[in-house]
């Protein structure tokens, strides 16, 4: 039944193919010659099949595991450089009709504070995010046909883009909402969204149906085939992800890569991003009740193997993870992180009262955006607030072609420096500004094209004089 080009979920994520892959990987995990051949293929930066990647994930030869980590780090540097894109989630509403057993928004939770932002609330939240320095948001909302219809989402996107406070503006709105129709995806595309993000939660169909006992999300095929409908609706930047801890991580890893292969086979465009959240405690949710949790070492290897298998995709880690964990995986493949995040509805303007909890999950990295920007620079990274690719039309196959051959750095590197300069001028603390100015001076020398380097220098000077939003 396995067919990566099929439009049917149970054929492009064929259960038996996953099981056969896991068996093959277990039998091959100590086969040094096979692992060497897979690593040699991976060094060509063309990616790996789900079976090849599963072998690397299961590899139990320590020397080879160190090669896996080293290769993941090198691929990350070759394709994405030392840039880390910054974003923040914006929760619009936690009203939801689904019964997801791992999420506090589930309809049976009667004591969580249900909230929905008005358009004026959204303006205040966006102003607060702009005053932090954010330029890219990911909007989140529970699934509710009456409280959170598509019209509300579209109006909210328009409001977000309309807010211009001081030198602030949100230049890219990514959308993480429930699976919907082709017609609604067309509306989201017309509204100017960036990436459409939808986590599968789990690809194991039987587990999926148990974890989603009620509500429209119970339909495995409808949910799993959502990215196909998004593509058909004209959205060519889509973001995949699973919630690690719900099912066996080996199963999820393999199926996630099969989904990426399906997107390539059916549409010629793989996922723009892959997210790797782990289940966390939240109101009414005990993460310890789920028996498939993974430790930090396993998490790090998952990140490394995804980077090797799908080298062109952006990889996202959120504030679910601690500073220590995030620092480790930054080197192994992560290219985007959130900063200064609030996972409650309205949490950027007002702190969440203890008796009105509405967070979706507990945040482990509670540092401010400025603290995270400083930390990134001190660990050798360039915090980037760039949104140029989307606004210059470098999406879908156009972005993928640049990412796959490494040429994306020719525009991303100077764009990162210019958006960092904006942050330093408008929002940074004194220590962050001093550190950033030194970093920009050093990194300018790494722009190989003399003409681009000269333009970047000129633009940086104009940013000091008050101009904003330069991009290559």
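Values for this structure:
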quantity: Residue exposure sequence - 131, 283 - by fewest surrounding Cβ within 10 Å; calculated: 131, 283
quantity: Prolate/oblate/rounded call for region 207-267, Cα gyration tensor, a/c under 1.5 rounded; calculated: oblate
quantity: Residue-averaged [θ]222 nm for the chain, counting only DSSP H segments that reach four residues, each worth -39500 (n - 2.57); calculated: -14500 deg cm²/dmol
quantity: Sorted by Cβ neighbour density within 10 Å, fewest at the top, the residues 319, 127, 118; calculated: 118, 127, 319
quantity: Nearest-0.05 FRET efficiency for residue 454 and residue 131, computed from C-beta distance (R0 45 Å); calculated: 0.85
quantity: Fraction of antiparallel bridges per DSSP, region 77-366 only, in percent to nearest 5; calculated: 5
quantity: Alpha-carbon centroid distance for the pair region 162-237 / region 47-104, whole angstrom; calculated: 19
quantity: Which of 61, 464 has the fewest Cβ neighbours within 10 Å, and the rest in rising order; calculated: 464, 61
quantity: Length-normalised contact order of region 77-366 in % [C-alpha pairs under 8 Å, at least 6 apart]; calculated: 22
quantity: Protection proxy ranking, peptides 264-277, 442-455, 304-317, 205-218, average beta carbon neighbours within 10 Å, highest first; calculated: 304-317, 264-277, 205-218, 442-455
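Since every read-out is calculated from the coordinates, none of them should be taken as a lab result. This structure is a prediction, so every number in the text was calculated from the model and none was measured. Here the Cβ is made from the backbone with ideal geometry for all residues, glycine too, and neighbour counts use every protein chain on show.
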